Structure formats: C-alpha cells, structure tokens
1. Restricting segment 55-72 to residues that are outside any helix (DSSP H, G or I) and within 18 Å of the chain's Cα centre (by Cα), which is farthest from S18 (Cα to Cα)?
2. So in segment 1-23, with the set limited to residues that are basic (K, R) and outside any helix (DSSP H, G or I), which one is modelled with the highest pLDDT?
3. From the list D33, D26, which one is more than 18 Å from the chain's Cα centre (by Cα), in a helix (DSSP H, G or I) and not small (G, A, S)?
4. Counting just the residues of segment 40-54 that are aliphatic (A, V, I, L, M) and in a helix (DSSP H, G or I), which one comes out farthest from D26 (Cα to Cα)?
Amino acid sequence: MKRALDWTDPHEALSWLSDLRERIKDLHAAAEDATDPPAARALGRAEARRLVTEAKDSLDELIAIALRGLPGGGEPGDGEPGDGNGEDGSAPGALH
C-alpha cells in the first residue's frame with residue numbers, strides 16, 4: 001500500500017513539510033545553476049536536468065502522499081501519472 005500523510009499527526013505533517021522544503025531547495029539550486037552564465041555554472045546541463053527531474057519526481061511523490069491522506073484518498077487528480085489530470089499527473093497547462 002502506498003503511504004498516506006496523517007494530517008492529524010502534527011509531527012508527521014511537520015516532517016512532510018520539512019521534506020517538501022528540502023525538495024524545493026534542491027529544485028531551486030539546480031534551476032539557479034542552470035540559468036547562470038555558462039562560465040559560472042557548477043553543473044553541466046545534463047546534471048542540472050537530472051537534478052531538476054529528480055526534484056520534480058520527489059515533489060510529485062510528496063504531493064501524492066499528502067493527497068492520499070485527505071478524505072477520499074486524494075482522487076481524482078492525486079498527482080499520480082496517468083490520472084487524467086494532465087499528461088504526467090500535473091495540472092493541465094502546467095509548466096514542465
């Protein structure tokens with residue numbers, strides 16, 4: 001069974017928010033590096049893309065965990081791939 005966030009447990013919710021914050025920081029750092037002038041970049045384009053994709057996938061999973069903890073299990077549009085809420089589980093028209 002896939003994990004669901006227990007919204008009634010403050011410690012679990014705080015841990016989830018901490019994980020969310022860390023993934024956002026990871027995404028931001030990779031995006032900042034990718035948009036620096038080429039001579040100032042620490043990462044190559046391929047590594048930056050890999051890190052951005054990894055952070056996006058982690059964020060998708062964190063959102064799915066949170067949604068599964070809501071009444072009804074977060075369906076429909078729980079962020080899972082193929083759920084019909086967007087080609088990859090994101091909102092229709094979302095930037096990728």
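The values are calculated or read from the model by the stated rules, or taken from the named source; none is laboratory data. Since this is a predicted model, take the numbers as computed values, not measurements.
1. Quick first cut of segment 55-72, residues outside any helix (DSSP H, G or I) only: 69-72.
Right, trim to within 18 Å of the chain's Cα centre (by Cα) and you get 69-70.
Values: G69: 17, L70: 19 Å.
Only one residue tops the list, namely L70.
2. Narrowing segment 1-23 to residues basic (K, R): 2-3, 21, 23.
Within this subset, residues satisfying the condition of being outside any helix (DSSP H, G or I) are 2-3.
On the way: K2: 71, R3: 87.
So, considering only residues that are basic (K, R) and outside any helix (DSSP H, G or I), the one modelled with the highest pLDDT is R3.
3. Details: D26 fails: more than 18 Å from the chain's Cα centre (by Cα).
Unique residue meeting the criteria: D33.
4. Here is the first cut: in segment 40-54, the residues aliphatic (A, V, I, L, M) are 40, 42-43, 46, 48, 51-52.
Subsequent filtering for residues that are in a helix (DSSP H, G or I) retains 40, 46, 48, 51-52.
On the way: A40: 18, A46: 16, A48: 10, L51: 8, V52: 8 Å.
Among those residues, the one meeting the criterion is A40.
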